[in-house]
Amino acid sequence: MQTIESPESLQAEMLRLRSGGQRIGFVPTMGFLHEGHLSLMRLARAQCDHLVVSIYVNPLQFGPNEDLDRYPRDPEGDAAKCMSMGVDTLFLPETLYADGHSTTVSVSGLTAGLCGASRPGHFDGVTTVVARLFGLVQPHAAIFGEKDYQQLAVIRRMVRDLCLPVEIIGGELVRDEDGLALSSRNKFLDTESRARALSLRRTLLTMRDHPSREVSARLSAGRGVLEVDKVDYLEIVHPDTLTPLHEIDGPARALVAAWIGNTRLIDNLEL
């Protein structure tokens, strides 16, 4: 496994590989890797000749009062995990943005609700960094987890709208043995907080299993079992447009975001 820190060096190496007929797969991450990330690497490994993983805590997607400085980091452990997964290139830039960087990539519509409503500017940061990474890595396929379901939908729309030659592949959400969706931020949960966090999945299951097809009834039932300090949102939406549904008569996805103490958690479930 080679480790590259320079964006210019990475781009040159990727263009060389592409010209030699190599199919490049890409998994972008913010590090502190867990089994959810590793599952994306396995999926990518099966799709490509050369696997690239990036680790970069992107400041553009954090708001002024969010946990950029607190976000967990483990560079040595992350490198060991990447090597164990057969990663060919690990990209570890100190920064991705040159002096004078002034371009923002913005996707409207899909970013208006859910996390976009509670985290203004977050998705502009996501799409800007992903577009820049795509320019550097030149991937044929990129893998993103369904854990961040809105993010996956937004990136798919960006790629479609900008005609970027990248296949976006969604990896299934991975849960711990107790059912909690894996997240780097789970590190901040103590035993009592983790037990409360399990109520996110219970809420989604209640919404899925509620006998009424009326969404308002599902939401009411779901809120009754959430054991959190603050709910950002609890919605049932169309899986492609993310439009809130008032009645389920086709494909649907339930999504929740909530705070337990200073930790914000998200989860989702296909209905």
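The values are calculated or read from the model by the stated rules, or taken from the named source; none is laboratory data. Keep in mind the model is a prediction, meaning the values are calculated, not measured. No Cβ is skipped: glycine too gets one built from the backbone with ideal geometry, and neighbour counts run over all protein chains shown. Ligands, DNA and RNA are stripped out before the accessible areas are found, and what is left, the full protein with its side chains, is counted by its heavy atoms. Shrake-Rupley method; radii C 1.70, N 1.55, O 1.52, S 1.80 Å.
So the values come out like this:
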{"read-out": "Checking ASP148 against (1) closer than 20 Å to SER108 by Cα; (2) open to solvent by less than 10 Å² (accessible area, probe 1.4 Å); (3) touching a residue at least 60 places away in the same chain (Cβ under 8 Å), the condition it does not meet", "value": "(2)"}
{"read-out": "Meets criteria (of a type in the set (A, V, I, L, M, F, W, C), part of a strand (DSSP E or B) and within 30 Å of GLU177 (Cβ to Cβ)) for LEU38", "value": "no"}
{"read-out": "Qualifying residues in region 237-257 (those that are of a type in the set (D, E, K, R) and closer than 15 Å to HIS210 by Cα) - the one least open to solvent (accessible area, probe 1.4 Å)", "value": "ARG253"}
{"read-out": "Number of positions in region 17-52 that are open to solvent by 70 Å² or more (accessible area, probe 1.4 Å) and under 13 Å from LEU136 (Cβ atoms)", "value": "1"}
{"read-out": "Selection from region 101-141 of residues that are more than 17 Å from the chain's Cα centre (by Cα), within 23 Å of ILE4 (Cβ to Cβ) and either part of a helix (DSSP H, G or I) or among the small types (Gly, Ala, Ser) (or both)", "value": "GLY135, LEU136, VAL137"}
{"read-out": "Top-ranked residue of region 206-219 - restricted to ones that are surrounded by fewer than 15 Cβ atoms within 10 Å (Cβ to Cβ) and in a helix (DSSP H, G or I), ranked as modelled with the lowest pLDDT", "value": "SER216"}
{"read-out": "Among the residues listed as SER183, SER199, SER193, the single one being open to solvent by less than 10 Å² (accessible area, probe 1.4 Å), within 18 Å of THR263 (Cα to Cα) and hydroxyl-bearing (Ser, Thr, Tyr)", "value": "SER199"}
{"read-out": "Flag for PRO72 being under 22 Å from GLU172 (Cα atoms), open to solvent by less than 10 Å² (accessible area, probe 1.4 Å) and assigned to a loop (DSSP other than H, G, I, E, B)", "value": "no"}
